[in-house]
Each structure stands twice: as C-alpha cells, then as structure tokens.
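See structure below.
Each value in this text was obtained by applying a stated rule to the coordinates, not by laboratory testing. Bear in mind that the values here come from a model prediction, so they are computed numbers and not experimental data. FYI the Cβ positions are ideal-geometry reconstructions off the backbone, even for glycines, and counts take in every protein chain you see.
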Amino acid sequence: MSKPVDSAVSAVRTYIRHHREAFLDDLAEWLRIPSVSAQPDHAGDVRRSADWLAAKLKETGFPVAEVWETAGAPAVYAEWPSDDAGAPTVLVYGHHDVQPAAREDGWDTDPFEPVVCGNRLHARGAADDKGQVFFHTLGVRAHLAATGRATPAVHLKLLIEGEEESGSPHFRALVEEHADRLAADAVIVSDTGMWSETTPTVCTGMRGLADCEIQLHGPDQDIHSGSFGGAVPNPATAAARLVAALHDDHARVAIPGFYDGIKELTPRERELFAELPFDEEQWLRTAKSYATHGEAGHTTLERIWARPTAEVNGIGGGYQGPGGKTIIPSSAMLKLSFRLVAGQDPGHIEKAVRAWVAEQLPAGIRHEITFGGATRPCLTPLDHPALQSLVRAMGRAFGQEILFTREGGSGPAADLQDVLAAPVLFLGISVPSDGWHAPNEKVELDLLLKGVETTAYLWADLAENWRDAG
Ligand SMILES: [Zn+2]
C-alpha cells in the first residue's frame, strides 16, 4: 500500500503559515510583560500577564478563560469542551511567570523587548515558558481549521500557573481546590525540552524528591578531647559513619527497604536510552565534574533518569575556625536528599530512613530528623495510548522518529498526577541551548512552530485512538 498524501499535514501547515506573523506578534506582546514572580515589585506585571493570557485565550475561542487567585500570584484556567461528549479530557500545564532578567546580567538586548534574529526569538520567557504555552493557541486553531471542526476533538483544558519560577508554593492547594474542574484523563506538560534540534524526543517521566535534615547530639556541650576523648561517642564521627554507610560498594543505597516497589527499566526502555546520541565527555564538561560515578550496572543516563539516589547535600559539626581546638563537639548535622523513581513512595522512604538512622547510631548520640515536603515521581508507560498519540503527532510534525528521554529533576507535574490521578505526558520543544534562566534566553522559531503543528495533530489523534478513556 502506498503512503496516502497526508492532506491533514498540508492543511495544518498552510494554516500555520498564514497565521505565523500574527502569532509571533501576539507572543512578543506577552513577552514584553515582565512577569517575574520572584520579585515583589513585579507582582502587578504577573497579574497583567495573567489578564493578558486570559483575554487572548478568549479571543482564540476558549469559551471559558478565567484568572484564578492563589495565596500568591494568579494562575489562568481555560476550557474548550468538545461537542463530542465521549471524547477524552486533556489538561495542558504551563506557567506564565518568568525568571528575573536584567540587561546587566549579560543580555545582549533588553530581556523584555523581544528580538527576532534569524530563526531565533530572544526574550526572557521565550522558551521557559511563554513560547511553549502559547503554541497551544495557534495549535488548536490549526486543528479546527484542518479538520473543519467547530470545537476541539478532545475536551481541552489549560492551567497556566504564575509561581513556577518561585517553586510553585501554592500550586498544590490550587489544584486541590479546583480538582473537580481540572479533572482530566491525561495531563500534558509543556514546560520541558527535547534532546536537541536534530533529535526530537518525548520525556516520559520525572524523578520525585524527598529530603531531610538530621541533627545529632552528643555531650551537652563541647568537651575536652584529652579529659574525655576515647571514652564517649563523638557526634561528628557518628555523622561521618552514617554518610559512609549510606551506600554499599556498588554505589547502591544501603538503607533497607529503599528500593521496595520500584519499577525497573524494561529492556526496551534501556535500548531506547542507548539510542540517544549521548556524548559522555561533553556531559561531564557540562557537569563540571572529573569522573562519572554511580550505581553499578547502569549507564549515566539510566542513573540520572531512572534510578533513585541518596545524596549528602551538607555535613557539619565541630570546630571550623582557624587553628586547632581539641574538643569532642556537642553536635553535628547532615542534610540528605533522595531522588525517587516510579514505584517509590516518599512516605515509605521517610519511614525507612528514620528506622535506618536510629539503628545505625551508637548509644549516647541522640538525634532528630526533619523531613521537608516530598514530590512523587511520575512515569508514563511507553505503551500508554495517549503517549503513543503524542509520539505520532510529534513524528508527523518533525518528519522524524521520536525518541524518549526522562527528566532527572522533580516538578509540579507530580501534583497534577497525584490530585487528578491522571498520567502526565510532556510536550516540550525547547532545546538545551535555549538558555533557560540564563541571559539571552531564546526559542528556535522553527521548533516553536513544530510545537504548534504537533498540537494541531494531537487532539484528533487522541480522540480517535483513545476512546472510552479514563
Ligand atoms: Zn518553566
């Protein structure tokens, strides 16, 4: 069977070509609003950015577009129901706030005056994340134009938060408050990147995070190491012994129960990671490290994307001043963090760590452990029908095979996954050279338009291949 001429592709591309200029003008207008959530004197701009986006989404055709208040900066919510009642519901996540930026940080141009230079659009937020949020507006219009539909093929929802660059302090509460309206069969996060310009990829998961601080107390005050040393336990030694016991000789975490329940990489997943053109020397230079190190039996990409870790973030105790001081210190402290992968539960990890620490410490060393807020890992299986639709849509837009990555970090996507009990997929077109959080942030215009094109195919594909979802 010969490959049929893809009329949907040409209809989408024609639509995008005709609306490209207006789309970029609108995006530039949004980028001129310095919606820096970390700086209180920009609070008015963050609000202006939310208002601007809500109005633009209305203009795009979303019948519902609202500014949602939080205890901090406002978010934007929009909804465009499908006239096909049985269609799946998709929630798109992104953010409209940006990192701080000033000319004197090393920008070649004003960070809030967008400049197009060849294929690049330079401005704070061009890639992270306004550009990637905005491609959804032209994408849904192109989808309607190419299919002749009056409403999207899926029930489309958008949640664009205003505090992501400040650590999303009120995001979980916002999602919980509006869980009914946000209910979705799948979440699509557009706030990530691809492997590179030439290797388009879909991210299938992020690691979770748990962290704790451990205070160790020995004698009630610093005591003389001559009078008492050798006959009482030293909390700094106890801290060092804990750290030394954290991993075994294969760099596996030695805390009993730490690996309970984890989803191991399948042979296919390992193959797919290995297909990525990974240059370990280059990666090491980026890491500013002098050697790789990690769990035996796993590659570097597996270690950062798909294996859990225990890291010592800080260790302290005893005399730190000039010269010597012959004491047994009264206290010592450790800060530990754990990156978690699918199948691991932060509550279980906390219990395991507490039991392990209590068991390791000698008599006479008292301790307190304080855990911070945890983030769950998320992972979408490769055979999930929504992920397959996403990969097909991206493949049509890019005209290339789409490979898979994961993300070693942790993010607010996990809150959506937890509260809405929906799988999280990542549609990001940014590339490592886009300079997130750095001077001269930019987005590649042709990739931005590939993002538009991907969403233009995605909704119809999802509706067609993922009936009776949820
Ligand atoms: Zn972002």
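A few points about this structure:
- Taking a span of 27 Å or more along the helix axis (Cα atoms) and a mean Kyte-Doolittle hydropathy of at least 0.0 as the rule, the DSSP H helices of the chain that qualify are 445-465.
- Based on alpha-carbon atoms, the Kirkwood radius and the radius of gyration of the stretch 192-305 give Rg/Rh equal to 1.13.
- The chain, helix-only ellipticity at 222 nm - DSSP H runs n ≥ 4, -39,500 (n - 2.57), divided by all residues, nearest 500: -11000 deg cm²/dmol
- Applying the Kirkwood pairwise sum to the alpha-carbon positions of the stretch 260-313 produces a hydrodynamic radius of 12.6 angstrom.
- Sorted into 20 angstrom bins from 0, the C-alpha pair distances of the chain split as 22, 50, 23, 5, 0 percent.
- Computed from the Cβ-Cβ distance with R0 of 45 Å, the FRET efficiency linking Ser227 to Phe371 stands at 0.75.
- Evaluated over the Cα positions of the stretch 41-120, the convex hull gives a direction-averaged projected area, one quarter of its surface, of 8.1 nm².
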